[in-house]
Structure formats: C-alpha cells, structure tokens
1. Under the condition of being closer than 16 Å to THR507 by Cα and in a helix (DSSP H, G or I), which residue from the stretch 475-493 is most open to solvent (accessible area, probe 1.4 Å)?
2. Go through the stretch 384-412 residue by residue and tally those that are open to solvent by 10 Å² or more (accessible area, probe 1.4 Å) and at pLDDT 95 or above.
3. Based on what the data block shows, is GLU370 within 30 Å of GLN429 (Cβ to Cβ) and crowded, with 17+ Cβ neighbours inside 10 Å?
4. Residue check: is ALA719 open to solvent by less than 10 Å² (accessible area, probe 1.4 Å) and either in a helix (DSSP H, G or I) or modelled with pLDDT under 95 (or both)?
5. Just checking, how many residues over the stretch 653-667 are open to solvent by 50 Å² or more (accessible area, probe 1.4 Å) and either of a type in the set (D, E, K, R) or within 13 Å of ALA605 (Cα to Cα) (or both)?
6. Here's a check for you: in the stretch 274-310, which residue that is of a type in the set (D, E, K, R) and at pLDDT 90 or above is nearest to the chain's Cα centre (by Cα)?
7. Pairs only if they're at least six apart or on different chains, beta carbon under 9 angstrom, first in the stretch 671-686 and within 19 Å of GLU285 (Cβ to Cβ) and touching a residue at least 60 places away in the same chain (Cβ under 8 Å), second crowded, with 24+ Cβ neighbours inside 10 Å and of a type in the set (Gly, Ala, Ser); list them, first residue then second.
8. Could you please give the count of residues in the stretch 578-595 that are touching a residue at least 40 places away in the same chain (Cβ under 8 Å) and in contact with a Ser or Thr (Cβ under 9 Å, 6 or more places away or on another chain)?
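The values are calculated or read from the model by the stated rules, or taken from the named source; none is laboratory data. In this text, all values refer to a predicted model and were calculated from it rather than measured experimentally. Methodologically, a virtual Cβ is constructed for each residue, glycine included, from the backbone with ideal geometry; neighbour enumeration extends over all protein chains shown. Each accessible area value is taken on the protein alone, full model and side chains, heavy atoms only, with ligands, DNA and RNA left out. Shrake-Rupley method; radii C 1.70, N 1.55, O 1.52, S 1.80 Å.
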Amino acid sequence: MIRYSCPKCGVNLKSADDKAGARTACPRCGEHVTVPGSQPEGGRDDEGQEPAAKGKGAATGKKPMVLYAGIGVAVLAVVGVGVAMVSMSSGSKTASSASSAQIGADVAKPRRAPAPAKPAPAKPAKKSGDDEVADASKAKPAPEPEAAPKRGARNRTSESEAPGKTAAPKVEEAPSEPAVSGRFGRDDIGDALSARQLNDQLLKSTAYVAIYFDSGTGGVSGSASLIDRKNKLLLTNQHVTNEASKGKLYVIFPIYEKGQLIQEKDAYTKAIKSHADIVIPGYVEYQDSKADLGLIRLAGLPDNILPIHLAKDSAGPGQMMYALGCPGSAPALWIQSTGPARSYPHHMKWTSGNDKDGKDATDREAIMIETQCPINHGDSGGPVVNDRGELIAVTQGGMKDATLLNIFIDVQEVKKFLTGYYKSKHLPQPEEMTPTVQVARDLPSLLHAVHDHGAGRRAWACDQLATMGAEAKNAEPELVELLQDKDDHVRVKAMKALSEIGNISQTDLQKIMQIMKDAKVADLRLQAILVIRRMGEEASDAVPVLTERLKDDSPDVREEAAKTLGNLGPLAKSAVPALADALQHRDKKHEVRQEAALAIGNILAASNISSDDPAGAATNAAVGAAALEAGLRDPIREVRLSSLQGLEKMGSPGKTAVPQILKELKEKDREIRGQAVVTLGAIGPDAKEAVGPLAQIVVDDKELRVSAGQALGKIKKPAVTVLIKLLFNSSPQVRRVCIEALGEMGPDAGALAARQLSVLYAKETDKTNHELIKEAINKIIEK
C-alpha cells in the first residue's frame with residue numbers, strides 16, 4: 001500500500017501498489033496527483049516510515065530501507081514514548097499524523113538496514129491508537145518488521161485491503177459534517193492557540209475583583225472568571241469572597257479605548273471610586289472554604305463578556321499552563337503568566353491563615369496541581385487555561401519553602417464545586433461554551449461554510465464567526481442574508497453572530513428591527529435585541545420597537561428589551577412610561593422589573609437632563625420616581641436594590657421617594673442599607689429628613705460610618721449643625737468622618753464650621769485628624 005499526501009490541501013492519501021505512477025484526483029480538493037513509487041518488498045507500512053512523497057525515495061527513485069527485526073523493541077519503545085509526549089504537549093488525545101511520522105523517521109534514520117528475507121506472517125488484528133501507543137511503551141518482544149503492529153490512529157491500512165488489490169485513493173479519517181457544536185478536523189485548524197490569541201480570549205472572561213473595607217482602612221483585590229453568563233456568576237477563591245463581609249465588592253472587566261486595552265491600574269481604581277457605569281456591584285453567592293472556591297453573583301454583565309469553557313481533562317507534567325490575573329503589586333492589570341505543570345492532579349491538605357500570628361487559619365482540602373507558572377498576590381481566583389483556552393485550573397497560591405512552585409485548584413475540583421452549587425440551588429447547569437479550539441482562523445473558509453447545503457454546517461459556521469467577534473466584520477453581508485434562511489436555528493445563530501461582530505449598517509438595522517417585530521421564534525427576537533444593543537446610540541430608531549417588546553410573550557425578550565433601552569440612556573426617554581408600568585405592575589419575571597428600574601435611572605440620570613423640553617423632562621421624572629418608589633416595596637431584594645440604584649442616578653428628582661428610602665435604612669441586608677445611604681447622599685439637600693438617621697449611623701454603624709458621613713456632606717447645609725456637634729465625639733473615627741464631610745462641603749459649611757474646626761484642632765490628639773482639620777478649614781474659607 002502506497003501512502004502520500006495531496007500537494008494542495010495536505011490530506012493523507014493511499015493507493016494500492018499497482019497504481020504507482022498513475023494520476024488520480026484528490027477526493028477533498030479535486031487536485032490531480034501522481035501516485036509515487038511503491039514501497040519495497042517486505043517494507044513496513046506504518047507511521048514509523050517516512051511518507052513516500054516526502055522521503056528521499058520519492059525524490060531520487062531510491063527505495064527507502066527498513067529496520068532489522070533485532071532493533072524493533074528499542075524503536076517501538078522510543079517511538080511510543082515520543083507519540084505519547086506529543087499527545088500530552090498538544091493537549092489532545094491523538095497527535096497529528098505529521099508529528100507522529102516525523103518522530104518515527106527521526107528515530108529510524110540513523111540505523112536503517114535491509115530487511116531480513118523471510119515471508120511476512122499474517123497481520124494482527126487492528127488496535128485503537130491508544131492501545132497501540134501503550135503496547136509500544138511497554139517494550140514487548142518485537143515481531144518481525146513486516147508484521148509489526150501499527151502505531152497511531154491516522155495512517156493505517158484496512159485489514160480488508162490485500163496486497164496488490166486495486167483500490168482508489170482514500171481520505172483517511174476525513175471529518176464528518178459537524179453538528180452545530182461540532183469542530184473542524186485536525187487538518188483545518190491548529191491544536192493550539194498562540195500566547196497572544198490566548199490572552200485575547202481570556203480577556204473576554206476575566207474580571208478584576210476589588211473589595212473596599214467599610215472601615216476605611218483599605219481593602220483587598222483578586223481575580224475571577226465568568227463561569228455562567230445566564231446566572232451572572234464569577235468563579236474565584238474563597239479567600240477572596242470571604243473578605244467581602246468586611247466591605248463592598250466591586251467587579252470590573254477589561255476597558256478598551258479605540259480598540260486598545262487599557263492596562264493601567266489607576267484607570268480601574270478611579271472608575272470604582274467614582275462609581276462609573278462600567279463598575280458592577282457583586283455579592284457572594286456560594287463558597288467552599290475547604291476547596292478554596294467561591295462564586296460571585298453580579299448585578300449585570302457587559303455584552304462582550306463570554307463564559308469560559310471547562311476543559312474535559314486535567315493538565316499533566318510538562319503541559320504548558322497560561323494564567324491571567326491582576327497582581328496587586330503591579331501598576332497594570334491583566335498580566336499573563338506562563339509555565340509548565342510539574343505534577344499530575346492529586347489530593348492535597350494544607351492550612352492557610354494569617355502569616356503574622358497564625359490566627360484565622362483555614363483547613364483546605366482539594367485536588368491540586370503543582371506548577372511553575374509564576375503568580376502574585378491579586379492573581380488569586382484567576383483563570384488558568386491550556387493551549388486551547390479551556391479552563392484547567394484556578395489560581396490559588398504559592399509554596400512558602402519551595403522554588404518556582406505554585407499550586408492551582410484542578411478543574412476536577414471546580415466541576416465538583418459547581419455541581420454542588422447547582423444542586424443546592426435546584427438550578428440546571430448551563431451548557432458549556434464551545435471550546436476555543438473549535439474557532440477557525442480562516443475567514444474565507446467560514447464564509448464558504450455559511451452557504452453549505454447542510455443547515456447544521458451553516459449554523460456551526462455562524463457560531464465560529466460569532467467567536468471571532470469584530471475580526472469577522474466582513475461576514476456581515478452573508479450573515480444578514482442568512483436571516484432569511486428557511487431553518488430557524490440557522491437564523492438565530494446568524495443573528496447571534498451579528499450581535500457579537502457589531503458592524504451593522506443602518507440599512508441592515510431596519511431589517512433587524514422588522515425581524516424583532518415579526519419573528520415567531522423568541523430566540524430570534526432576543527438575538528435581534530442584542531444586535532441593536534451592540535450598536536449603541538446608532539440604534540436610536542429602534543426605541544419604539546424595543547418599547548413594544550416590553551410586552552413580549554417571552555420574559556427573556558422583555559428583560560433584554562428593558563436593558564437595551566437603559567443602555568440607550570436619554571435617547572429612550574419615550575420608553576419611561578412603559579418601563580414604569582413594568583416595574584409598578586410587577587412583571588412576572590423579577591429580572592424584568594430589576595432591569596426596568598436600572599433603565600429608568602439611566603434614562604433619567606441627572607447628567608442626562610436636557611433643557612430643550614423642561615415640561616416633558618419633569619413629567620418623565622415624576623413618572624420614573626413614582627415607579628422606583630414602588631420598586632422599593634417589591635418583595636424581591638434585587639428589585640429593591642436596583643430601584644435604589646436608579647434613584648441614586650436620578651439624584652434630586654427622586655426626592656419624593658425619600659420617606660421610603662429611609663425605611664430601607666432599617667433593613668437587615670447590609671447591601672440594601674449601604675445603597676440607601678448612598679442614594680440619600682445623591683438626592684442631596686432635598687433629603688434633609690435623612691440627616692438625623694444618617695448621623696446616627698455615623699455614630700453607631702462602623703461598617704457604614706464613612707458612607708453616611710459622605711452622604712451628610714452631599715446634603716450640605718441641612719447637615720452642618722449635626723456634623724459640628726459630632727466633631728467633639730469621643731471616637732476619633734467619628735470625628736474624622738465629620739471633619740471630611742465638612743471639608744467636602746467647602747464654603748457651604750459656613751464660618752461657624754470653620755471656627756469649630758479651629759477649636760477642635762487645638763484639642764485633637766489624633767495625628768491624622770490634625771492634618772484633615774487643616775485641609776477642611778482651607779476648603780471652607782477658600783474664595
């Protein structure tokens with residue numbers, strides 16, 4: 001049997017010996033190929049022999065030589081180990097034929113000799129690729145060369161093919177047409193992504209977690225990855241989530257400016273401190289102290305963030321691991337680390353706690369893996385992936401007394417942890433994201449695939465284009481054309497791809513709006529909304545159609561419509577009555593009410609108020625404030641929290657809700673109380689009824705003391721008298737809060753406040769307060 005490759009597409013072919021010199025057509029690409037000369041009599045027909053088309057025999061006419069039977073054992077053992085190493089390093093179950101063949105050739109070349117002249121015995125039964133590698137590595141006594149069992153899973157001769165029998169060339173192991181979630185064959189894509197591609201992929205799933213302590217003494221930070229988009233869940237370490245009990249937890253994903261990633265940490269910390277829209281509040285959903293794993297539930301998610309895919313298999317010694325994190329000591333975020341695994345996953349027990357005094361020690365127990373991948377404080381909880389972008393571990397920590405040795409939590413432990421969570425919450429586990437390895441990096445071939453006669457193939461191509469994002473912008477015409485496909489599944493996938501690519505013309509927007517209005521398939525209407533959201537302000541014409549979708553039969557469509565209207569901000573002011581109706585009359589899905597509250601706040605935000613139509617603006621503000629006040633009476637905490645956030649953005653126009661907000665100050669839920677404090681401060685002087693309760697919080701509540709003081713500072717003159725009285729409180733922390741609040745008021749604090757601060761300065765014993773008093777007086781008396 002003659003083996004060779006197509007010079008055009010590279011596919012492996014084979015023909016009977018008597019076809020040598022004949023011309024034949026490649027079954028894949030149609031290229032006409034000349035069958036090379038046959039192998040020598042008694043020659044071996046396996047991957048250890050170089051392909052005839054590439055070896056010296058094909059080029060010079062010389063017949064390639066084979067090995068003596070006496071050295072078969074050594075060669076089989078070495079080749080078997082080599083194949084196994086290639087399989088391990090590539091992260092796939094079988095090595096490619098090119099790699100395996102080259103290993104066999106490299107071993108065989110130095111010791112070629114004529115084969116013994118003896119008849120060839122019958123060939124043994126064919127084994128699987130894994131069994132053959134195992135047999136080779138055990139170094140059993142070797143059979144005669146011509147009867148040696150073949151290694152590998154690709155270049156094998158069928159048992160039904162007798163020598164000399166005429167046969168047409170065959171494509172070996174050609175991939176069958178994939179289903180929607182199928183994959184290219186190994187000849188279509190590479191097994192691994194480059195470090196740059198991995199980094200770009202990880203940025204779509206990785207988050208920076210910052211916890212600011214309510215005591216005002218600082219905070220901690222960590223890293224996390226999106227594991228469940230539907231339920232808005234981030235995966236991180238328990239030693240990160242455990243710190244959330246001391247303060248407020250914020251999450252922020254990578255920021256881009258003109259397509260370029262912003263890595264400077266200052267940009268992110270400033271965004272968090274200013275409560276920018278890109279900062280997402282989070283709270284601890286679930287944690288396991290033994291396994292050191294935790295889940296953070298988010299209030300919302302950006303459109304371009306994707307869940308990370310869990311690897312099927314763990315890493316092994318020598319396999320490269322890629323981690324992305326946000327080290328606290330670095331001036332930049334999103335730092336990639338690379339290093340090999342140094343062990344197989346194994347059960348491990350250890351204790352972690354305070355390094356200084358040993359207090360608060362926690363006993364840990366999990367399936368771990370040692371690695372040489374460097375990490376630092378702040379990387380904790382970040383994703384660790386293989387060369388296909390699949391999660392194989394979670395960053396945990398370093399080994400104190402070891403060199404170049406850190407420990408990661410293995411993916412097996414992650415899967416066990418997630419299974420426990422979903423069972424405890426009686427939730428179905430979400431479908432895993434399509435592995436990165438399935439993403440083709442050949443746009444022309446995908447554009448060809450969208451015209452395939454098979455619906456499954458067309459849908460699959462749309463999936464791959466969606467994963468490419470903006471890189472597939474040239475595919476927009478083909479995808480828009482697919483929106484008229486006869487198969488609803490294909491139409492949904494095409495719309496999803498358009499939402500990820502985000503390069504829609506105004507002409508195509510009209511088509512998408514019509515589909516959103518008329519489509520009978522809810523998923524298609526939903527994906528159309530996501531396309532419009534990605535367009536941003538350019539999709540302002542879609543506001544009426546989006547408003548209609550607030551009455552859609554599908555609760556998911558209603559939720560996304562409300563969110564998209566909120567993203568459009570003041571451009572969607574005509575939708576305020578419909579959003580208010582969804583909130584006040586309590587849409588059956590509480591997520592719809594939650595998004596409606598946030599949308600009202602975004603649309604009516606103080607910064608968005610225009611003087612072009614003061615009467616209309618006042619009417620909308622009254623309608624929105626009444627709806628948000630109703631939202632504060634909702635039985636679902638997330639709706640109440642979102643209503644408080646909406647009122648915070650509205651500022652002064654939300655003053656009618658102050659009595660209801662004051663009731664939220666008595667809530668047991670710390671997050672609700674904290675948001676109520678911030679909201680009262682945002683309403684400002686119109687929240688003068690809150691001065692007394694806020695002053696009491698400054699005195700009694702250590703967790704919310706700083707926030708309450710800041711709120712009093714924003715209420716300004718109505719709070720001056722109370723703050724002056726508290727300047728002489730016995731607690732230096734209370735005095736500090738009041739000093740800062742009066743200083744932030746500036747001249748509004750008045751001359752009396754400046755004189756009382758001067759009196760305090762002479763008596764103050766706290767050094768920090770001393771400095772703050774001088775700063776506050778300067779701010780108050782400045783002209």
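1. Applying the filter and picking the extreme gives GLU481.
2. Final tally of qualifying residues: 0.
3. On the way: within 30 Å of GLN429 (Cβ to Cβ): yes; crowded, with 17+ Cβ neighbours inside 10 Å: yes.
So GLU370 fits the description; yes.
4. Numbers: open to solvent by less than 10 Å² (accessible area, probe 1.4 Å): yes; either in a helix (DSSP H, G or I) or modelled with pLDDT under 95 (or both): yes.
Yes.
5. Just the residues of the stretch 653-667 that are open to solvent by 50 Å² or more (accessible area, probe 1.4 Å), to begin with: 655-656, 659, 663, 666-667.
Going one step further and asking which of them are either of a type in the set (D, E, K, R) or within 13 Å of ALA605 (Cα to Cα) (or both), we end up with 655, 663, 666-667.
Qualifying residue count, the stretch 653-667: 4.
6. ARG297
7. If the second residue must be crowded, with 24+ Cβ neighbours inside 10 Å and of a type in the set (Gly, Ala, Ser), the pairs left are GLY674/SER707.
8. 5
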